[in-house]
Amino acid sequence: MTALLDGLPTATGRSRPDVDVGTLIVGGGFSGIAMAVGLRQAGQDDWLLVEQADELGGVWRDNVYPGAACDVPSYLYSLSTDQRKDWDRPCPRQEDIRTYLHDVARHHRLTERVRTGVTVDRASWDEATARWTVEFAGGERVTCAALAMACGQLSKPAYPSIPGREDFAGDSFHSARWDHDVPLKGRRVAVVGTGASAAQFVPPVAEEAGHLDVYQRTANWMLPRRNRPYAPWARRMIQHVPGLQALRRTAMWTFMESGIAAQTRIPPLRLSLRAWSTWHMRNQVKDPALRAKLIPDYPIGCKRVLFSSSFLPALVRDDVEVVVDPIVRVTPTGVVARDADGTETERPVDVLIWGTGFKAQEFVAPIEVDATDVGGTTRRLADEWRDGAAAHLGITVAGFPNLFLLYGPNTNLGFGSIVVMIEAQVGYVLDALRKLRTSGIAALALRGDVQRVSTDDVQDRLRRSVWSSCDSWYRQGKDGRIVNNWPGQMVEYRRHTREVDLDEYEPIGRAEELVRGADVAVAGR
Ligand code: NAP
């Protein structure tokens, strides 16, 4: 047995020493960790979590750019099971969230069932044995009854296909792969992109750079985010006043729900958000020419609203230029943009930073996921999702029994805390596993008609949401189908995911019969 799989129960009757577990979790970011915590709390010990990188943390491990922080307060952006009262400011910094996730992993003794540095290549379901076989890049295999894919929506950096990008001869990196060895002090820096990441790293970069060009393709609505460290008296109150943490959590949750309502159900609420944002932006940008570049013309909430009180002040600096002319190419020494008259201007660059976001629609890719039924017919998830990913409640997919997606299709939020959504998904998966255990059924296969109805309903509601009125990373393909966002409130999602409705699923096999038939030792089931 390889060191990777040391200490885990082996499957028997196979040509090679595989390992068999009840649940395999793929990905050790917020959702993978939350799933593992849920299993621990449910008293389950027959699981394994594999993570591609050499430590847990997901986006909070990868995004180490200067200024990286969450723009949602910690008391909502943390697990309800692992609330902490000693954060030093409302919106935690990247390193604090990374530390928090590691603390959670330690506290729940997750590490003994976590394997890092493991790249999953392929996952195949075989209905005859009712088990997933998961293949790793090193050649090892794990079989499992349930597969929880926690690969994230924002884990794969996206680079734009701008001509000449590869020919740039200076220093260059993506915001999610920040190269801290590249000096910025006094140099000419260009940033492409003005999303939530750039809004955080542009202010500290502007402080250091000799000159900064910020290439903005689309303007963003912004709201203030003050994030001063708590005063000592405030920290004492948070720690010692009973119920205060819960009260703040509820208040922030309610505020976020109102933002979601503005985006999805109650358009007039957008008027107040727009007025607030316009006031904030006009207050911070006095120059009418710059204002004209920065204040968007699309409905607020269509793209993700950026929460920052420092981004606009950075853009008004004399040594910062906001370039809104489209980039036509990158040269070995600079970036060329073309103005409305067709005049091209090359701006010299020493350091080129891509703040261009993520391949948010790939979900589980490049992992190949397929399922073979008893008749021998194999379906590939990539084929099923050719026109856009879809899953019932963002979690289960017809044709792929016992596959559970975390932070899957249509579960992202425009306002709110994704941790709330992840915890709801974890609860749903735990309920599915509980029902499998108590019923003795080997697997749950989502009914195709259930997925069709739920996908149609989600898409119908999304068409009426603000997200259908502009382009954004939430949309995919020619028809601009919204594949990332949930169309409703967080509380509604929690209600839908509170328990698994067995009528929506077809049962597959009896666990004992399948186990006997395949001669597989099912750990702990
Ligand atoms: P993003 O929001 O997708 O922004 C990418 C930026 O790059 C956009 O301004 C985009 O312009 C621009 N861009 C892309 N291709 C381009 C091209 N070919 N030419 C010029 N500009 C181009 O990515 P992100 O800023 O990394 O944020 C992604 C998501 O991560 C956020 O929406 C948020 O959900 C999450 N996030 C959260 C936090 C937090 O504090 N909670 C912090 C950072 C990120 P267009 O707008 O025109 O497409």
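Would you confirm whether any residue within the range 476-488 is in the same structural domain as residue 73 (by TED's automatic domain parsing), in contact with a Phe, Trp or Tyr (Cβ under 9 Å, 6 or more places away or on another chain), β-branched (Val, Ile, Thr) and open to solvent by less than 20 Å² (accessible area, probe 1.4 Å)? Among the residues of the range 476-488, at least one is in the same structural domain as residue 73 (by TED's automatic domain parsing), in contact with a Phe, Trp or Tyr (Cβ under 9 Å, 6 or more places away or on another chain), β-branched (Val, Ile, Thr) and open to solvent by less than 20 Å² (accessible area, probe 1.4 Å), which makes the answer yes.
Out of all the residues in the range 284-296, which are within 13 Å of the ligand (Cβ to nearest atom) and either in contact with an Asp or Glu (Cβ under 7 Å, 6 or more places away or on another chain) or not in a helix (DSSP H, G or I) (or both)? If the condition is that a residue be within 13 Å of the ligand (Cβ to nearest atom) and either in contact with an Asp or Glu (Cβ under 7 Å, 6 or more places away or on another chain) or not in a helix (DSSP H, G or I) (or both), then 296 is the only one that fits. Among the residues of the range 404-456, those identified as more than 26 Å from residue 127 (Cβ to Cβ), within 16 Å of the ligand (Cβ to nearest atom) and not hydroxyl-bearing (Ser, Thr, Tyr) are 410, 412, 413, 414, 415, 416, 418, 419, 420, 421, 422.
Each row is one residue, and each column tells you yes or no for (1) within 28 Å of residue 174 (Cβ to Cβ); (2) open to solvent by less than 30 Å² (accessible area, probe 1.4 Å).
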{"residue": "57", "(1), (2)": "yes, yes"}
{"residue": "71", "(1), (2)": "yes, yes"}
{"residue": "104", "(1), (2)": "yes, yes"}
{"residue": "109", "(1), (2)": "no, no"}
{"residue": "117", "(1), (2)": "yes, no"}
{"residue": "126", "(1), (2)": "no, no"}
{"residue": "129", "(1), (2)": "no, no"}
{"residue": "137", "(1), (2)": "yes, no"}
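In the range 302-326, which residue that is more than 12 Å from the ligand (Cβ to nearest atom) and within 28 Å of the chain's Cα centre (by Cα) is nearest to residue 261 (Cα to Cα)? If we take residues in the range 302-326 being more than 12 Å from the ligand (Cβ to nearest atom) and within 28 Å of the chain's Cα centre (by Cα), then 309 is nearest to residue 261 (Cα to Cα). For the range 275-292, the candidate set comprises residues that are in contact (Cβ under 8 Å) with a residue 24 or more places away in the chain and touching a helix residue (DSSP H, G or I) at 6+ places or on another chain (Cβ under 9 Å); within that set, the residue that is surrounded by the fewest Cβ atoms within 10 Å (Cβ to Cβ) is 290. Within the range 349-372, residues that are of a type in the set (Ser, Thr, Tyr) sit with their Cβ atoms under 7 Å from residues that are assigned to a loop (DSSP other than H, G, I, E, B) and away from the ligand (no atom under 14 Å from the Cβ), at 6+ positions apart or across chains, in these pairs: 372/127. No other residue among 394, 399 is touching a helix residue (DSSP H, G or I) at 6+ places or on another chain (Cβ under 9 Å) and open to solvent by 10 Å² or more (accessible area, probe 1.4 Å) apart from 399.
Looking across the range 57-99, the residues that are of a type in the set (Ser, Thr, Tyr), more than 14 Å from the ligand (Cβ to nearest atom) and under 16 Å from residue 423 (Cβ atoms) come down to 75, 80, 81. For the criterion of being away from the ligand (no atom under 14 Å from the Cβ) and in contact with a Phe, Trp or Tyr (Cβ under 8 Å, 6 or more places away or on another chain), residue 179 passes.
The values are calculated or read from the model by the stated rules, or taken from the named source; none is laboratory data. As the structure is a prediction and not an experimental result, all values here were calculated from the model. Neighbour counts run over all protein chains shown; Cβ positions are idealised from the backbone, glycine included. Heads up: the accessible areas ignore ligands, DNA and RNA and are worked out on the full protein's heavy atoms, side chains in. Shrake-Rupley method; radii C 1.70, N 1.55, O 1.52, S 1.80 Å.
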